[in-house]
Structure formats: structure tokens, C-alpha cells
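Notes for the one structure printed next.
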Amino acid sequence: MAYPIDSEEGGLRPERSQARQFVAMLVIGVATALVLGVTVRSPTQLEANDISRWCTVWSLLERGTYAIDESPWQARTQDKVRKADKLAEPGNGASALTRFEYAIAPRSWKTGPVTERFYSSKPPLLPTVIAGALYPFRKATGVPLEKEVLTDRSPRYVQKIDPANPSRFTYVLETPKDKIKWPVYVFYFKPIVILLNVLPMFVFLILYSRFLDRYAVNDWSWMASLFAAAFGTLLFAFDQTLNNHTVAAYSAFFALYPFLKIWDDDSPTRANFLAAGFFAAFTACNELPAALFGLLLFLVLLARWPGKTLKYFVPAAVIPCLAFLITQYAAMGQFKPAYEDFGTKAYEYEGSYWTTPLEFDYFNKAPESKSVYLLHMLIGHHGVFSLTPIALFAIIGAFRAMRRESKGLAATAALTLVLTIAMVAFYDWNPKARNYGGSTQGLRWLFWLIPFWMITLPPGLEPGQDRRVYRWLSLIALMVSVFSVGYAIRHPWSHPWIVDLMEQLGLYSLKR
């Protein structure tokens, strides 16, 4: 078996060498085992971001509602909105969409006493899917998600200070009153995180190694790219927690992989069109700005394969899109995401965190200038190229790939550059998102672009095979990227090392 490659020399490359087989086995196996260990060891509920989604899962399974008021963890998340549980009749100035939302609502949504209730501000599609997956197990066990197993503590000697003489103390044998609590939700939620993050990472690395067989023209680009995909992106750190960014990133790759096969094969199969359509749309459902990716992919395929695109790509893409709209409407009686209400009373109710935001969230109230924000997005404290400089070689590779004979790789490289520029411009402009994603390791809103950069990385690393200086520069970039990942593993919902360093040196200060 031979793999066609796209190099200046052309020709065929033999099947994967034994050395590459061993490297692939080691890298993929070790990376998967490591992220699995981190995932199992880390707390199941880390911060407000994932807790918000877990609250929705609990409410769906235990109360049959999207309202999270009664969730035992609701008080631990600020990622929520407070809205009326009834739809108000649209006024004369209401939009056509608002009128339509009211018209199709069931009668029970319009009549009866109105109550202000809390809802997760996160799109409800992912929590709904999770609740659906857990439903059979919840019914089979009959054990509520919030149940805690209590264990008595053993007696131990406790130091006591003599009230009459504070300089003297004694030891008293006593049993602590508080019992040890073992939350049952770990057994429900932890497999979900593994299913959504660890398993897709494993599949991603396998498919990526096959991609490298076809498009990496030398050993340095093949091996360094695989190491970068496994250990050099912040997806590794976020695989341990429930979030939309890793789901979107892996979905993007699962759309790009069949797209490359479609573009470089003379007779693409319908399965590739179905996969590209479904996963491109699912990427957008988890990262709304990624709708541009789905649209561009559709237009590109439509231009070359109009029949198969309309017959297979479009129906597959409609499925997650409809699911997104249906769950969004079922949750809040509106099709627009809760994010669109940011800055309104839905977020800034009495006692809300968002009325007095701190640290990077403070920039929602007093945003930095666009130029400063852009600087930190690219090469500053949350910079793509400062935290993970291996991405710089991916950008170089994108320009190199656009000159290749492989039309699929060239098209993906062009798509990568367009989307990267568009997303950086969008988040630099968007006044509702100019806070670096809050307390987070890296600019998480751009994580879904990581698979695009991994696709264009091999051409960017190729010169390292024969140029020693270039090879060392790319190795240093990979080492810095892995360092950033290592710094982030302990707690992905925290500040990057550059932020901590700048604060310690007095070069940057946050409102606390």
C-alpha cells in the first residue's frame, strides 16, 4: 500500500515505516493515558463554566426542566441568567422573530403566575445530549445525581489550648462531627467527560497520524507535528473538564478530515459528505462563530460537487442545527442564545457577579482598547503565538501549503488563514467578548481553530529536516507550547503563566 504525498519532488511514499509506527504507538498511547489519568484525578466540577452545564443536566434528569433554581450546585456558578418562566405578549415594536416565538409557544408558557427563574447561560444542546445519555443509567440505578454517601470519621487526638493559660495546651481524643462526603455524581459525570473529550482525542490522534502519512513529506515534520498535536495544544489541558471548546475542536477536525478526502479523491463517498456536513454544523453549534466555517465548507463543496453536497452534506448539517434551535427554544422560549442578553438585567440582576465583575471579567465594564486587546490575543498574556508558538509554524505552513499540488491541502490552508483572521478580528471587535474568556488558560474562544493549525503545521515544519537552525527554532516553539500546557493542566480555569509572571513583576494588574 502506498500513500500519495504532496511534495516538490512528487511521487509515492511507501507505507508507514516501522520507526513511525513505533512513534505513533508511543505518542498516541502515552498522550491518551496521560490525559485519562488527569481527567480521572481532577475534580468533576471545576469552575463556574462546567458547573453551569452540570446544573442543567441535573435539572433535566431530576426535575424535567431547564430551570436550575433547585440544582444543589446552582449557587456555585455565575454563568446563569434570571428570566421569567412565562413569555410576555409582544408589544407593537417587537421583532418578527419575537412574535413568531410567542405564536408557536404552548399555552402553558403564556398563562399563569410569572416567576423569575435561573437558567444556565450556556447553550442547552450539549447538556441535553448528556442528560439523554445518562437517562437510562439514572432510571436503572434509581440513585439521584445529588446523593452523597456519608462516612464516619475515626477518632484522633486534637490539640486544645487552655483558656486560662493560652501558652499551655493539651491533646484530647475526639471524633470529628462532620462526616466524609462522597458525591455520587462523580460516577455519572466522569464517564461523560471521558466520552466527550478523551475518546475523541484518541480518535483525533489516530486520524491525524494517517493525515501525516499522506501530507508530511519528511520525518521531522511527521514526528514533530504528531508530538505537537498530542502535547503542544491547550486542548490537552481542557480535556479534563466539561466544556464546549474541546467538543468544537474535535468536531472541526472530524469535518476537515473527510473534506480532505473529498477534495483529493476523484470519487468521494457519500459517507465523507455526511461526516463533513454533520461535524461542521456540530462545530458551529458548540462555537457559534464557527458557523462561518460551516458556510464556507458548504460553498466550497457546492462549487465542485453540487449534487452530493445538496444530497448528503446539507441534510447531515441540518440535524445538529435543528437540535440546537429546538433545545434553545425549549429551554428559554427563544431561538437566540442567552449570550445575546449579556449586559441586560437577565445577567445583571441584584446580587449578580456580573454587576461587579473582577479580574479579566472587569474588562466587560471597562474594556481595553482594541489595539491592546489584539496585542494580548496574539503575542501577549493570552497570545496564541506567545503561549503556543508552535502555531506560528502552522501559519507559515498555511502559506507554503497554498502552493502545493494537493488541492485539498491548499484549500484547507486558505480556509485556515481566512478563519483565523476572521475570528481574531471578530473577537477584537466584539464588545461582549473582550475579556480574554475570563479566568482561563489561553484564548479559549479560538481553540476550535487548533485542528486547522495542525493541518497546516507539517508544511511549516518541513525545513527543519535539513536546516539545523530552523529545526531548533521549531523545537523551542514546541517546548514552550508544551510548557504552557503543563502549566495549565492543574487547573485550566486559571490564568496563563504569562499573566502570573507579569503580575509578580508588577507589569500588569487586575482588579481583584
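Being touching an Asp or Glu at 6+ places or on another chain (Cβ under 7 Å) and not in a helix (DSSP H, G or I) is the filter here, so list the residues in the stretch 394-419 that pass it.
Taking the stretch 394-419 first, the residues touching an Asp or Glu at 6+ places or on another chain (Cβ under 7 Å) are 404-409.
Residues satisfying the conditions are ARG404, GLU405, SER406.
Quick one: in the stretch 155-185, which of the residues that are within 30 Å of LEU46 (Cα to Cα) and of a type in the set (Phe, Trp, Tyr) is surrounded by the most Cβ atoms within 10 Å (Cβ to Cβ)?
TYR185
Quick check on the stretch 422-445. Is at least one of its residues aromatic (Phe, Trp, Tyr) and at pLDDT 95 or above? Lay out the reasoning, then the answer.
Keep residues of the stretch 422-445 that are aromatic (Phe, Trp, Tyr), which gives 426-427, 429, 436, 445.
Subset that is at pLDDT 95 or above: none.
No, the stretch 422-445 contains no residue that is aromatic (Phe, Trp, Tyr) and at pLDDT 95 or above.
So, of the residues in the stretch 333-366 that are surrounded by fewer than 16 Cβ atoms within 10 Å (Cβ to Cβ) and small (Gly, Ala, Ser), which turns out to be farthest from LYS86 (Cα to Cα)?
Among those residues, the one meeting the criterion is ALA366.
Taking the residues in the stretch 420-440 that are farther than 24 Å from THR356 by Cβ and either in a loop (DSSP other than H, G, I, E, B) or among the hydrophobic types (A, V, I, L, M, F, W, C) (or both) as candidates, determine which candidate is farthest from the chain's Cα centre (by Cα).
Checking each candidate, the answer is TRP429.
Among (1) buried (at least 24 other Cβ atoms within 10 Å of the Cβ); (2) aliphatic (A, V, I, L, M); (3) under 22 Å from VAL485 (Cβ atoms), where does MET423 come up short?
(1)
Name the single residue, out of those in the stretch 130-157 being in contact (Cβ under 8 Å) with a residue 12 or more places away in the chain and of a type in the set (A, V, I, L, M), that is farthest from LYS336 (Cα to Cα). Lay out the reasoning, then the answer.
Step one: of the stretch 130-157, the residues in contact (Cβ under 8 Å) with a residue 12 or more places away in the chain are 130-131, 133-135, 137-138, 143-157.
Narrowing further to those that are of a type in the set (A, V, I, L, M): 130-131, 133-134, 143, 145, 149-150.
Numbers: ILE130: 21, ALA131: 22, ALA133: 25, LEU134: 27, VAL143: 35, LEU145: 30, VAL149: 40, LEU150: 43 Å.
Going through the qualifying residues, I end up with LEU150.
Only one of THR327, THR355, THR283, THR344 is in the same structural domain as THR420 (by TED's automatic domain parsing) and in contact with an Asp or Glu (Cβ under 6 Å, 6 or more places away or on another chain); which? So that I can check it myself, show each step before the final result.
On the way: THR327 fails: in contact with an Asp or Glu (Cβ under 6 Å, 6 or more places away or on another chain); THR283 fails: in contact with an Asp or Glu (Cβ under 6 Å, 6 or more places away or on another chain); THR344 fails: in contact with an Asp or Glu (Cβ under 6 Å, 6 or more places away or on another chain).
Among THR327, THR355, THR283, THR344, only THR355 is in the same structural domain as THR420 (by TED's automatic domain parsing) and in contact with an Asp or Glu (Cβ under 6 Å, 6 or more places away or on another chain).
Against the condition under 30 Å from LEU145 (Cα atoms), in a loop (DSSP other than H, G, I, E, B) and among the β-branched types (Val, Ile, Thr), how does THR65 come out, does it pass? Explain how you work it out, then say what you get.
Working: under 30 Å from LEU145 (Cα atoms): yes; in a loop (DSSP other than H, G, I, E, B): yes; among the β-branched types (Val, Ile, Thr): yes.
Yes, satisfied.
Residues are listed down the side, and each one gets a yes or a no for (1) within 26 Å of ASP239 (Cα to Cα); (2) in the same structural domain as TYR362 (by TED's automatic domain parsing); (3) of a type in the set (Phe, Trp, Tyr):
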| position | (1), (2), (3) |
| --- | --- |
| ALA391 | yes, yes, no |
| ARG404 | no, yes, no |
| GLY408 | no, yes, no |
| LEU419 | yes, yes, no |
| TYR427 | yes, yes, yes |
| ASN435 | yes, yes, no |
| THR440 | yes, yes, no |
| TRP448 | yes, yes, yes |
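Are any residues in the stretch 471-512 hydroxyl-bearing (Ser, Thr, Tyr) and at pLDDT below 95, and if so, which ones? Write out each step before concluding.
Let us first name the residues in the stretch 471-512 that are hydroxyl-bearing (Ser, Thr, Tyr), namely 474, 481, 484, 487, 494, 508-509.
The answer is SER494, TYR508, SER509.
Run down PHE236, PHE254 and say which single residue is surrounded by 23 or more Cβ atoms within 10 Å (Cβ to Cβ), modelled with pLDDT of 95 or more and within 22 Å of ALA391 (Cβ to Cβ). Full working, then the answer.
Numbers: PHE254 fails: surrounded by 23 or more Cβ atoms within 10 Å (Cβ to Cβ).
Only one candidate qualifies: PHE236.
Collect the residues in the stretch 347-385 that are over 21 Å from the mean Cα position of the chain (by Cα), assigned to a helix (DSSP H, G or I) and acidic (Asp, Glu), keeping them in residue-number order.
GLU359
Does LEU310 satisfy being within 28 Å of SER120 (Cβ to Cβ) and either surrounded by fewer than 24 Cβ atoms within 10 Å (Cβ to Cβ) or modelled with pLDDT under 95 (or both)? Full working, then the answer.
Details: within 28 Å of SER120 (Cβ to Cβ): no; either surrounded by fewer than 24 Cβ atoms within 10 Å (Cβ to Cβ) or modelled with pLDDT under 95 (or both): yes.
No.
Out of curiosity, is GLN328 outside any helix (DSSP H, G or I) and under 26 Å from THR128 (Cα atoms)?
On the way: outside any helix (DSSP H, G or I): no; under 26 Å from THR128 (Cα atoms): yes.
So GLN328 fails the test.
For a quick check of your reading of the model, give me the residue pairs whose first member lies in the stretch 382-395 and is surrounded by fewer than 24 Cβ atoms within 10 Å (Cβ to Cβ), whose second is outside any helix (DSSP H, G or I), with beta-carbon atoms closer than 6 Å and at least 6 apart or on different chains.
PHE385/ILE379; SER386/ILE379
Tell me, please, whether a residue that is touching a residue at least 40 places away in the same chain (Cβ under 8 Å) and under 25 Å from TRP109 (Cβ atoms) can be found in the stretch 289-305.
Checked against the condition, which is being touching a residue at least 40 places away in the same chain (Cβ under 8 Å) and under 25 Å from TRP109 (Cβ atoms), the stretch 289-305 yields no hits at all.
Answer yes or no: is there a residue in the stretch 45-66 that is hydrophobic (A, V, I, L, M, F, W, C), modelled with pLDDT under 90 and closer than 30 Å to SER221 by Cβ.
Checking the stretch 45-66: not a single residue is hydrophobic (A, V, I, L, M, F, W, C), modelled with pLDDT under 90 and closer than 30 Å to SER221 by Cβ.
Got a number for residues in the stretch 465-512 being among the acidic types (Asp, Glu) and either under 23 Å from PHE236 (Cα atoms) or assigned to a helix (DSSP H, G or I) (or both)?
The first filter runs over the stretch 465-512 and keeps only residues among the acidic types (Asp, Glu), leaving 466, 500, 503.
Narrowing further to those that are either under 23 Å from PHE236 (Cα atoms) or assigned to a helix (DSSP H, G or I) (or both): 500, 503.
Summing the residues that are among the acidic types (Asp, Glu) and either under 23 Å from PHE236 (Cα atoms) or assigned to a helix (DSSP H, G or I) (or both) in the stretch 465-512 gives 2.
Pairs only if they're at least six apart or on different chains, beta carbon under 7 angstrom, first in the stretch 96-116 and surrounded by 10 or more Cβ atoms within 10 Å (Cβ to Cβ) and of a type in the set (S, T, N, Q), second part of a loop (DSSP other than H, G, I, E, B) and at pLDDT below 90; list them, first residue then second.
Listed by first residue and then by second, the contacts come to THR98/PRO90; THR115/ASP85.
When THR344 is evaluated against the numbered criteria (1) under 24 Å from SER52 (Cβ atoms); (2) touching a residue at least 24 places away in the same chain (Cβ under 8 Å); (3) not in a helix (DSSP H, G or I), which criterion, by number, is the only one it fails?
Looking at each condition in turn, THR344 falls short on (2).
Within the bounds of the stretch 374-388, is there any residue that is assigned by TED's automatic domain parsing to the domain that holds ALA228 and either at pLDDT below 85 or under 20 Å from LEU260 (Cβ atoms) (or both)?
Kept after step one, since they are assigned by TED's automatic domain parsing to the domain that holds ALA228, are these residues of the stretch 374-388: 374-388.
Checking the rest, the ones that are also either at pLDDT below 85 or under 20 Å from LEU260 (Cβ atoms) (or both) come to none.
No, every residue in the stretch 374-388 fails to be assigned by TED's automatic domain parsing to the domain that holds ALA228 and either at pLDDT below 85 or under 20 Å from LEU260 (Cβ atoms) (or both).
How about the stretch 184-214: which of its residues are without any contact (Cβ under 8 Å) to a residue 60 or more places away in the chain and either under 30 Å from ALA401 (Cα atoms) or of a type outside the set (A, V, I, L, M) (or both)?
Answer for the stretch 184-214, where residues must be without any contact (Cβ under 8 Å) to a residue 60 or more places away in the chain and either under 30 Å from ALA401 (Cα atoms) or of a type outside the set (A, V, I, L, M) (or both): PHE187, TYR188, PRO191, LEU199, PRO200, VAL203, LEU207, ARG210.
Please go through the stretch 138-150 and pick out each residue that is under 21 Å from ILE68 (Cα atoms) and out of contact with any Phe, Trp or Tyr (no Cβ under 6 Å at 6 or more places or on another chain).
Correct list: ARG138, LYS139, GLY142, VAL143, PRO144, GLU146, LYS147, GLU148.
The values are calculated or read from the model by the stated rules, or taken from the named source; none is laboratory data. These numbers were taken from a predicted model, which means no experiment stands behind them. Note: ideal-geometry Cβ built from the backbone for every residue, glycine included; neighbour counts use all protein chains shown.
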